[in-house]
Amino acid sequence: MGIDQHMWVEILGYFASVMVAISLMMKNIVWLRWLNFVGCVAFSIYGILIAAWPVAGMNAFVAGINIYHLIKIYRAQRRSPPAPASPPRTR
């Protein structure tokens, strides 16, 4: 692996770390799941590129868990009727 390729692999690893860290600061569970998914996919690719199979495998597994929960969330939102709009407040 050349110096340029090595640099891009390192950048990918840092990007993955930042995405996972940011995801854990989210109050909204959907944002948490999506950002964590992106970080896990990036870590999986990073793990493959550096031949760190436990890193790649574990992050691929967690990415799958995130997708599973996102599907559950979106299906539940589709099933439940939207909340009625509250009338404007008057004084």
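The values are calculated or read from the model by the stated rules, or taken from the named source; none is laboratory data. Small disclaimer: the values here were computed from a predicted structure and weren't measured. For neighbour counting, all protein chains shown are included, and Cβ atoms are generated from backbone atoms with ideal geometry for every residue, glycine included. Surface areas here come from the heavy atoms of the whole protein model, side chains and all, with no ligands, DNA or RNA. Shrake-Rupley method; radii C 1.70, N 1.55, O 1.52, S 1.80 Å.
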- Message: One quarter of the convex hull surface, Cα atoms only: what value does that give for the chain in nm²?
- Response: 8.8 nm²
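Calculate for the chain the 222 nm mean residue ellipticity that helices alone would give, adding -39,500 (n - 2.57) per DSSP H run of length 4 or more and normalising by residue count, nearest 500 deg cm²/dmol.
-26500 deg cm²/dmol
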- Note on the structure: In Å², rounded to a whole number, the accessible area per residue of region 1-87 with probe 1.4 Å is 72 Å²
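Are there trypsin sites (Lys or Arg not before Pro) in region 1-77 that DSSP puts in a loop and that have at most 11 other Cβ atoms within 10 Å, and which ones?
In loop regions of region 1-77 (DSSP not H, G, I, E or B), the sparsely surrounded trypsin sites (Lys or Arg not before Pro) are LYS27.
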- Note on the structure: Rounded to a whole number, the Stokes-Einstein D of region 3-46 in µm²/s (Kirkwood radius over Cα pairs; 10 °C; 1.306 mPa s) is 151 µm²/s
- Task: For the chain, give the percent of accessible area contributed by carbon and sulfur heavy atoms, probe 1.4 Å, rounded to a whole number.
- Result: 70 percent
- Query: Applying the Karplus parametrisation 6.51 cos²θ - 1.76 cosθ + 1.60 with θ = phi - 60° to the phi angles of region 30-39, what ³J(HN,Hα) value in whole Hz is obtained for each residue in order, glycine and proline being reported as x?
  - Reply: 5, 4, 4, 5, 5, 5, 5, 4, 4, x
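From the mean inverse distance of alpha carbon pairs (Kirkwood) and the Cα radius of gyration, derive Rg over Rh for region 40-91.
1.45
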- Message: Between helix 53-79 and the chain, what is the angle of the helix's C-alpha long axis to the longest principal axis, kept within 0 to 90° and rounded to the nearest 10?
- Response: 10 degrees
- Compute the relative contact order of region 34-75 as a whole-number percentage, counting only Cα pairs closer than 8 Å that sit 6 or more residues apart in sequence. 43 percent
